[in-house]
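I have a structure here, written as structure tokens, and I will follow up with some questions on it.
The values are calculated or read from the model by the stated rules, or taken from the named source; none is laboratory data. Worth saying up front: this structure is predicted, and the values here are computed from it rather than measured. Cβ sites come from the backbone with ideal geometry, for glycine too, and all protein chains shown count toward neighbours.
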Number of protein chains: 2
Amino acid sequence: VIVAPVVLLLCAARPAPPAPPPDPAKTTAALVGGALSDGLTWARIADLTDRIGPRLSGSEGFSRAVAWAQAQLASEGLAVKLEPVKLPHWERGEERAEIVENARYGAQPLAITALGGASSTGPGGLTAEVVEVESLEQVAALGDAAHGKILFFNPVMHVAQDYGTATRLRSHGASAASKAGAAAMVVRSLATASFRSPHTGLTHFDDGVAPIPAAAVSTEDAERLHRALQTGPVKLHLLLTPRTLPDVDGFNVVAEIRGREKPAEVVLFAAHLDSWDLAQGAEDDGAGVAMVLEAAHLLSHLPRPPRRTVRLVLYANEENGLAGGTAYALAHAADLSKHVAALEADSGSGRPQGVTLLAGPGGAATLAPLLPPLAVLGAGSIVAGEAGGADISTLAPAGVPFVNVKQDGSRYFDVHHSAADTLDKVKPLDLALSAAAWTALTYALAESETTLPRAEPPPAVK
Amino acid sequence: VIVAPVVLLLCAARPAPPAPPPDPAKTTAALVGGALSDGLTWARIADLTDRIGPRLSGSEGFSRAVAWAQAQLASEGLAVKLEPVKLPHWERGEERAEIVENARYGAQPLAITALGGASSTGPGGLTAEVVEVESLEQVAALGDAAHGKILFFNPVMHVAQDYGTATRLRSHGASAASKAGAAAMVVRSLATASFRSPHTGLTHFDDGVAPIPAAAVSTEDAERLHRALQTGPVKLHLLLTPRTLPDVDGFNVVAEIRGREKPAEVVLFAAHLDSWDLAQGAEDDGAGVAMVLEAAHLLSHLPRPPRRTVRLVLYANEENGLAGGTAYALAHAADLSKHVAALEADSGSGRPQGVTLLAGPGGAATLAPLLPPLAVLGAGSIVAGEAGGADISTLAPAGVPFVNVKQDGSRYFDVHHSAADTLDKVKPLDLALSAAAWTALTYALAESETTLPRAEPPPAVK
């Protein structure tokens, strides 16, 4: 019994052996465990949606969101950079529509909402005949038949995967209609379910094309309008009074965890801070914001930072202009060749279903060995599907590889861009699983000994 | 070969034997076949919802619906009676709400809609603290704590079956709140699903109790309000400007197929013609109206009328007052002992799941033998559940037996009383199956050799 003090003394005298470098697998386990136990992703999405709420770029809500995001990142001990972006400022006004003339159909209000970027009908509204069209090409072929009319697109979304083709009509239909001399455009809401809830979104007018009034109608009202048109001509009264105000100053919110070995090499993990104005933006993109902040929390508290720099970006203006993504690419132009991967979480709060990739030849072989620790979460293998995101699309010309956690989006378009995009739609466990997968994937890319082969830049658009 | 003309001559000379009386089973087959092939139930619900649309009692829409129903029944060759009813006339005005004071929560609009019968806040609205309460009993126990407050009921409907208990709060909560001195009442929408869609309904003020403003909030906003209340006191600004106008003259629409043997004995099959004002009233109760009209069509074209009279009634004012049901019971008071059964279709367009019954002892044994031909449709057996309907409840004191086709109502409360109660929610095949079942059941009761034992009248309400 008397040897014990001596042993203690010997031990105390001997210098502690250097701690072995953390095993990446153990770090991944710690990240996953953190995301699935700290409750922080949920707390943050609840705070952002319930307290800040709607945050369309240019609005006061967006400014509040910037201050909020800055405070969240600062609370993790990170230095926060606000990178300036000039933001469009479009404000919704009154919005009403009604069938006013049809031999068989009575007047019943249509549930509508103006599309971002569209112009006003003036306070008196406008009344015009409706012409249903199926494609942008058909609009161009209408000739004089489009003159003074309200062109109506009725794209049916059966499943989330139909968004790609339908969104072309919402995004470009008003511009095509304006070119053809139409008075206004209405489009069926891009929605996979509806309780009379219209879904907004941007409509883009080509350079030199005069904006016209444009709105989404609920799927129910699109079907009624379609039925009315089967019985004969229909005139619609449309009142939309949005305003386009002067651009305002805004910011991308940026913070980083500096890499321990290759600090100049950047893995960028992003979401967009702005939302549409109709709701809290829980799925689009409160979920992404909360997951980026969870990555900030977990990665900034690692005992040892990852090999490369992880840069966290909360973009401005994804919804109505991409000014944030454009500003970032410009401000960091000299730097983009050192962006070794970019990830953007902008598909809601659904649970992981795999990983998608856009990189040069051999990319999958480089990425696949990093994924086994994500298998239990649902993100253990590379699956078909688009990689990238609207904001980080501005990095494509620099050949930055894109990697995504593909999330379950089967119900995403039930609420997307509508008044129903609210916190209650988010399932805390699914959100936590995705936060874990995105964080672990970001870490894996930043820690990996190799980087992904760079992507082929897309052909330049003339 | 020369005998043929002689045979023909003999045959022609012999008087035709009397046609055998139609077999009830064959008649049922013809009714079911008609409902499932003539497309008329669908055509009529489409016409009523798309052309006439919303038809709250007292509104112009309701008057148009009366004229429409009269024309439909007349087109079947039936004499139509318009039985007078004095109708309440309540009109929705502006409706907005917003959290204006809470230490943590920002201002975000709540999606709300006034409850029928509630009063106005005046054009300036009212601002008051919210107190969440769980029961009518709790309201009474609040004492001074209710004074000047907005009382908030938050009943969660997980499934359609929860309507019974939740509706008590919507129907009587405002009256209880008014008695307790509250300034207003808000109730979570009675809904099994929501995309930010508030669901209206009647709120009833007891005699001598002053109406106060009352509204339903969407389930999403009820949850947000509940979350806000967890963080501290909440003040709500509420603007509701409905108007209660003088009563107007209206009608129940009545027609009948006179019984061939016992014309004084009546089987009554009903639905309600009025709807709430927020939508077309496809499920509530366009479906019932279309099914009653289908019964009118099929039963009026039988080669031989059923043994007893089938009376078809499209009631006024089921939604906000029951004046139609009350007027019918008064006008036919002398006659009710001869009402041998009453059926009311007022649970949407879902397919049959059985038959429910409220009759005297031995009723099930009398009814069960009539049901086997309805088995393929889903209505071959008596199942547990309420029988009756709001309008025909006024026949209960006379002991009239109630029989219902129980329909699948699992998704009924997704749209019930909301702007989403539109034609697209109705599945044509399900509607036709139910129309067939209700028509065949009505026929079976009118043709049966025996009648159901009369029900025990409910105890008189003091």
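So which pairs qualify, if the first residue must be in the range B:223-251 and on the phi > 0 side of the Ramachandran plot, the second must be among the aromatic types (Phe, Trp, Tyr), the Cβ gap must be under 9 Å, and the two must be at least 6 apart or on different chains?
B:Gly232/B:Tyr105
Next question. Can you name every residue in the range B:161-190 that is assigned to a helix (DSSP H, G or I), among the aliphatic types (A, V, I, L, M) and touching a residue at least 40 places away in the same chain (Cβ under 8 Å)?
First, the residues of the range B:161-190 that are assigned to a helix (DSSP H, G or I): B:161-179.
From what is left, the residues that are among the aliphatic types (A, V, I, L, M) are B:166, B:169, B:174, B:176-177.
Across the range B:161-190, the qualifying residues are B:Ala174, B:Ala176.
Of all residues in the range B:418-427, count the ones that are within 12 Å of chain A (Cβ to nearest Cβ) and either within 30 Å of B:Glu265 (Cβ to Cβ) or not in a helix (DSSP H, G or I) (or both). Please lay out each step first, then the result.
Of all residues in the range B:418-427, those within 12 Å of chain A (Cβ to nearest Cβ) come to B:418-426.
This time we only want the ones that are either within 30 Å of B:Glu265 (Cβ to Cβ) or not in a helix (DSSP H, G or I) (or both), so: B:418-422, B:426.
So the answer is 6.
Also, I was wondering about something else. Find the residue count for the range A:127-160, including only residues that are among the acidic types (Asp, Glu) and assigned to a loop (DSSP other than H, G, I, E, B). I'd like the intermediate steps shown before the answer.
Looking only at the range A:127-160, we keep the residues that are among the acidic types (Asp, Glu), and these are A:129, A:132, A:134, A:137, A:144.
Next cut, assigned to a loop (DSSP other than H, G, I, E, B) only: A:134.
Going through the range A:127-160 one residue at a time, the tally reaches 1.
Output the number of the condition that B:Val186 fails; it satisfies all remaining conditions of (1) among the β-branched types (Val, Ile, Thr); (2) over 30 Å from B:Leu82 (Cα atoms); (3) within 14 Å of chain A (Cβ to nearest Cβ).
The number of the failed condition is (3).
A quick yes/no check of all residues on (1) within 12 Å of the chain's Cα centre (by Cα); (2) of a type in the set (Asp, Glu); (3) part of a loop (DSSP other than H, G, I, E, B); (4) crowded, with 19+ Cβ neighbours inside 10 Å:
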| residue | (1), (2), (3), (4) |
| --- | --- |
| A:Val266 | no, no, no, yes |
| A:Ala270 | yes, no, no, yes |
| A:Leu278 | no, no, yes, yes |
| A:Ala287 | yes, no, no, yes |
| A:Pro306 | no, no, yes, yes |
| A:Arg311 | no, no, no, yes |
| A:Val340 | no, no, no, yes |
| A:Ser347 | yes, no, yes, yes |
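Checking the conditions here, which among B:Asp414, B:Asp408, B:Asp430 is within 14 Å of another protein chain (Cβ to nearest Cβ) and touching a residue at least 40 places away in the same chain (Cβ under 8 Å)? Step through it out loud before you land on a result.
On the way: B:Asp408 fails: within 14 Å of another protein chain (Cβ to nearest Cβ); B:Asp430 fails: within 14 Å of another protein chain (Cβ to nearest Cβ).
The match here is B:Asp414.
Only one residue in A:Pro88, A:Pro84 is of a type outside the set (Gly, Ala, Ser) and surrounded by fewer than 16 Cβ atoms within 10 Å (Cβ to Cβ). Which one? Spell out the reasoning first.
Values: A:Pro88 fails: surrounded by fewer than 16 Cβ atoms within 10 Å (Cβ to Cβ).
Within the list A:Pro88, A:Pro84, the selection yields A:Pro84.
Would you confirm whether or not the range B:133-143 contains a residue that is acidic (Asp, Glu), at pLDDT 95 or above and either surrounded by 14 or more Cβ atoms within 10 Å (Cβ to Cβ) or under 15 Å from B:Ile212 (Cα atoms) (or both)?
No: the range B:133-143 contains no residue that is acidic (Asp, Glu), at pLDDT 95 or above and either surrounded by 14 or more Cβ atoms within 10 Å (Cβ to Cβ) or under 15 Å from B:Ile212 (Cα atoms) (or both).
Restricting attention to the range A:377-407, report how many residues are surrounded by fewer than 21 Cβ atoms within 10 Å (Cβ to Cβ) and in a strand (DSSP E or B).
Total meeting the criteria: 1.
Return the residues of the range B:107-122 that are buried (at least 16 other Cβ atoms within 10 Å of the Cβ) and in a loop (DSSP other than H, G, I, E, B); say none if nothing qualifies.
B:Gln108, B:Ala111, B:Leu115, B:Gly117, B:Ala118, B:Ser119, B:Ser120, B:Thr121
Mind telling me which of the residues A:Thr192, A:Thr167, A:Thr219 ends up being under 30 Å from A:Ala271 (Cβ atoms), in contact with a Phe, Trp or Tyr (Cβ under 6 Å, 6 or more places away or on another chain) and buried (at least 16 other Cβ atoms within 10 Å of the Cβ)?
Details: A:Thr167 fails: in contact with a Phe, Trp or Tyr (Cβ under 6 Å, 6 or more places away or on another chain); A:Thr219 fails: in contact with a Phe, Trp or Tyr (Cβ under 6 Å, 6 or more places away or on another chain).
A:Thr192 is the lone residue from the list that is under 30 Å from A:Ala271 (Cβ atoms), in contact with a Phe, Trp or Tyr (Cβ under 6 Å, 6 or more places away or on another chain) and buried (at least 16 other Cβ atoms within 10 Å of the Cβ).
Ok, one more. Say whether the condition of being surrounded by fewer than 24 Cβ atoms within 10 Å (Cβ to Cβ), of a type in the set (Lys, Arg) and over 22 Å from A:Gly93 (Cβ atoms) is met by at least one residue in the range A:239-246.
no
Continuing with the same structure: Which one of these does A:Ile99 not meet: (1) within 13 Å of chain B (Cβ to nearest Cβ); (2) of a type in the set (Val, Ile, Thr); (3) closer than 30 Å to A:Leu312 by Cβ?
Unmet condition: (3).
Just to be sure, is B:Pro397 within 21 Å of the chain's Cα centre (by Cα), within 14 Å of chain A (Cβ to nearest Cβ) and not hydroxyl-bearing (Ser, Thr, Tyr)? It would help to see each step written out before you state the result.
Numbers: within 21 Å of the chain's Cα centre (by Cα): yes; within 14 Å of chain A (Cβ to nearest Cβ): no; not hydroxyl-bearing (Ser, Thr, Tyr): yes.
Here the answer is no, as B:Pro397 does not meet what is asked.
One residue is enough: does the range A:296-317 have a residue meeting the conditions in contact with a His (Cβ under 7 Å, 6 or more places away or on another chain), within 30 Å of B:Ser197 (Cα to Cα) and touching a residue at least 24 places away in the same chain (Cβ under 8 Å)?
Within the range A:296-317 (the criterion being in contact with a His (Cβ under 7 Å, 6 or more places away or on another chain), within 30 Å of B:Ser197 (Cα to Cα) and touching a residue at least 24 places away in the same chain (Cβ under 8 Å)), the answer is no, since none of the residues qualifies.
While we're here: Filter the range A:219-252 down to the residues that are over 25 Å from the mean Cα position of the chain (by Cα), of a type in the set (S, T, N, Q) and within 14 Å of another protein chain (Cβ to nearest Cβ) and list them by number. Even if it seems obvious, please write down each step before you answer.
Quick first cut of the range A:219-252, residues over 25 Å from the mean Cα position of the chain (by Cα) only: A:220-241.
Keeping just the survivors that are of a type in the set (S, T, N, Q) gives A:230-231, A:241.
A:Gln230, A:Thr231 - these are the residues of the range A:219-252 that are over 25 Å from the mean Cα position of the chain (by Cα), of a type in the set (S, T, N, Q) and within 14 Å of another protein chain (Cβ to nearest Cβ).
Still on this structure: Considering only residues that are touching a residue at least 60 places away in the same chain (Cβ under 8 Å), closer than 21 Å to B:Lys427 by Cα and not in a loop (DSSP other than H, G, I, E, B), which ones fall in the range B:349-368?
Within the range B:349-368, B:Pro352, B:Val355 qualify.
Just the residues that are assigned to a loop (DSSP other than H, G, I, E, B), among the aliphatic types (A, V, I, L, M) and more than 14 Å from chain A (Cβ to nearest Cβ), please, taken from the range B:191-218. Don't jump to the end; show me each part of the working.
To start, the set of residues in the range B:191-218 that are assigned to a loop (DSSP other than H, G, I, E, B) comprises B:191-198, B:200-201, B:203-213, B:218.
Checking which are among the aliphatic types (A, V, I, L, M) leaves us with B:191, B:193, B:209-210, B:212.
Correct list: B:Val209, B:Ala210, B:Ile212.
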